[in-house]
Every structure is written in structure tokens, then in C-alpha cells.
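Throughout, read-outs are computed from the coordinates displayed, never taken from laboratory work. These numbers come from a predicted model, not from an experiment. When we count neighbours, we look across all protein chains shown, and the Cβ atoms used for this are built from the backbone with ideal geometry, even at glycine.
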Amino acid sequence: MRMVELVVPPADAELAADRLWAAGARAVEEIADRAGHVRLRTALASTDALSAQRIGALPPTWRLGHVDVDDEPATTWREFANPVRVAADLVISPAWKLGRHDTGTTEVAVEPAGSFGLGDHPTTKLAATAAWRLVAAHDQVLDVGCGSGVLAIVAAKAGARRVVAVDVADAAIEATIDNARRNDVHIVEASTTPIGEVVGDYDVVLANILAPAIVAMSADLRRVTARGGVLVISGILATDHQHVLDALVPMEPVRTEILDGWAAVELRHRR
Ligand SMILES: C[S@@+](CC[C@H](N)C(=O)[O-])C[C@H]1O[C@@H](n2cnc3c(N)ncnc32)[C@H](O)[C@@H]1O
């Protein structure tokens, strides 16, 4: 299996691992090498170029490479994946490990394939919890950076009238279409349409993407959020996201939830 290898100074190992988790890593192996660096390895996208794109720009002291390793350790995470409860009545489960739940609990089954969004990452949990609470019947919802489609499917299950999902990665679109079918949700339209070309406005916009990407698309995120609508951003660090909120002004933060060092912020247009 082809893996990404990020070589960083030991002091940056935790930050670099966070970057890989946010880019879609399912398991991160840390190896201290003889030169005093830490090598972080994980499987990400189907090509080296896509993996690099998901990780984004790196500090000058980090080095990104790609290595071929045995398949087995790279896929053992599947054994350890488990259903995750994101609300009292909502569970996200690996498609190969569905749970037994009370009637009244909605279960979303996800096969991430080569994409991000199994439900167990704090940023997905935060965004899924917000989507479940915020999406009302008849809403139009946009999921930007849909990955596996998990948030789009949660929105559809919450009663959305129409759900549009976009991602830069072809693998994410394939996974979203596949997972929508798996969950018997027929209203998800998924494509690689860049957010700059998405037309219309949406009652709920969900964007679980790393901070630099949110900043880069901030004008479009404001544009696609309806006047009375809500934008949920996740994928940002709890202690370092003021610059992201600044980029979204004049939208105003109305609620912030924190989990394991990550934040999800809901923003609305000023009245
Ligand atoms: C952290 S994952 C989130 C996946 C899923 N929505 C979830 O909550 O688990 C971020 C996703 O954003 C996508 N992405 C990154 N930059 C993007 C951009 N500029 N436009 C659309 N999608 C982007 C990545 O390919 C990745 O699938």
C-alpha cells in the first residue's frame, strides 16, 4: 500500500499528526528515526498528488514523501473501528460493523473507502452533532468537503429537502454516492463542482475542512449561506481559529463547541 510519510522535528509531531487526522488519516504510525526526526505514516488518497493536496501547505521544517508498505498494518484500523454516538438518537457506524440500537435511534452506515469521514474524528463528530440539531425539515443543505458524505447523509436523515455535497476529490464523490445509496437517502447530489461555482443559497452550510481552506473559500461560504441560514465550520483548532472567524466577518459566531482540541463554530449573517 502507498502511504504518505511526513518527516517533522519531534516537537512538531503532535501538530503534524493532527494535520494527518484532519486530512483523512484512519491510523497514524509514528517512527523516531536515527537522524532525530519523527516520521508519521498514513494512507490517504488514491494518488500521491491528491494526498499532498489534502494535507495542504506545510511549514518549511516539515518534509512530505511517499512510501510503499505492507498492506496489513495499513488496514488493521478496520477491525478497531466502532459505532460512534454523536447525539442521543444518532449513531454513525462503520458499514462493516453495524450496531444494535434502540428503536428511535438513527444509524448512519459509512464506508469511507479512500475518503475521510468515518464519524470517529472529533471534527466529524462536532459537525454531525450540529447538523443533526440544526437541519430542519424542508431545509436545503450544502456539505462542502463532503469526504465520505457522512454529514450530507446526517442532514438528509434529519429531514433536509435537498442536500448538495461537493469535494475536490473524486474518491470522496464516489464514496458519498455509494454511502447515500447504502443509507437509502436519495436526495444527495454529489460532485467536484468548486465552491466558487455553486449557485443558490442554503439554509445550512457544513464545512469540515482545515482552516487554510476555509479562509481561502470564506467569501463563497458567506455567499452560499442564506440570510437566515447557518454556516457550521469544523476542522479548526480550538486554540487557534480567530483568523478563520476574522475571514468570515461580517458573519458572526453564535455558538462554539469544543472536542479533543478541535472546535466547531456556527455563524450567522448579522441582522
Ligand atoms: C476533514 S475532511 C471532512 C469529511 C467529512 N465532511 C467529515 O466531516 O468527516 C475534509 C474534506 O474536504 C475536502 N476538501 C479540501 N479542500 C477542499 C476544497 N477547497 N473544496 C472542497 N473540498 C475540499 C477534502 O478532500 C476532504 O474530503
Given R₀ = 25 Å, FRET efficiency for residue 82-residue 258 by Cβ-Cβ distance, to 0.05?
0.65
In degrees from 0 to 90, rounded to the nearest 10, what is the angle of the helix 122-134 Cα long axis to the longest principal axis of the chain?
0
Summing +1 per Lys or Arg and -1 per Asp or Glu among the other residues with Cβ less than 14 Å from residue 107's Cβ gives +1
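Relative to the compact globular guide of 2.2 N^0.38 Å, what is the alpha carbon radius of gyration of the stretch 143-271, as a ratio?
Details: Rg = 14.1 Å, N = 129, 2.2 N^0.38 = 13.9 Å.
Cα Rg divided by the expected 2.2 N^0.38 Å: 1.01.
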Sorted by Cβ neighbour density within 10 Å, fewest at the top, the residues 97, 125, 157:
97, 157, 125
Once the dipole of the chain is set up from charges on Cβ (+1 Lys and Arg, -1 Asp and Glu), the residue from the list 134, 151, 117 lying farthest towards its positive end is 134
Exposure-ranked with fewest Cβ neighbours within 10 Å first, 108, 265 stand as 265, 108
Kindly provide the helix-only [θ] at 222 nm of the chain, computed as the sum of -39,500 (n - 2.57) over DSSP H runs of four or more divided by all residues, to the nearest 500 deg cm²/dmol?
-8000 deg cm²/dmol
Quote the convex hull volume per residue of the stretch 120-171, based on C-alpha atoms, as a whole number of Å³.
68
Under a 10 Å cutoff between Cα atoms, tell me which one of 181, 161, 34 has the largest fluctuation in the Gaussian network model of the chain.
34
What's the exposure ranking of 168, 224, going from fewest to most Cβ atoms within 10 Å?
168, 224
Per-q log10 I(q)/I(0), the stretch 179-229, q = 0.20, 0.21, 0.29 Å⁻¹ (Debye; single scatterer per alpha-carbon; no solvent):
-0.83, -0.89, -1.18
Estimated dipole of the chain in Debye, rounded to 20 [Cβ of Lys and Arg +1, of Asp and Glu -1, Cα centre]:
720
Could you please state, rounded to a whole Å, how far the C-alpha centre of the stretch 1-80 is from the C-alpha centre of the stretch 202-271?
27
Under a point-charge model restricted to the Cβ atoms of Lys and Arg (+1) and Asp and Glu (-1), what is the dipole moment magnitude of the stretch 20-145 relative to its Cα centre, in debye to the nearest 20?
320
Tell me the Kirkwood radius of the stretch 43-110: reciprocal of the mean inverse pair distance over distinct alpha-carbon atoms, in Å.
15.1
So the angle from the long Cα axis of helix 170-182 to the longest Cα principal axis of the chain, reported in degrees to the nearest 10, equals 50
Cα-Cα separations in the stretch 2-75 greater than 14 Å, expressed as whole percent
54
Would you mind giving the average projected area, over all directions, of the Cα convex hull of the chain in nm² with one decimal?
14.0
Between helix 13-22 and the chain, what is the angle of the helix's C-alpha long axis to the longest principal axis, kept within 0 to 90° and rounded to the nearest 10?
40
To the nearest 20 Debye, how big is the dipole of the stretch 2-75 about its Cα centre, given +1 on the beta carbon of each Lys and Arg and -1 on that of each Asp and Glu?
240
For peptides 225-234, 41-50, sequence by mean Cβ density within 10 Å, most packed first:
225-234, 41-50
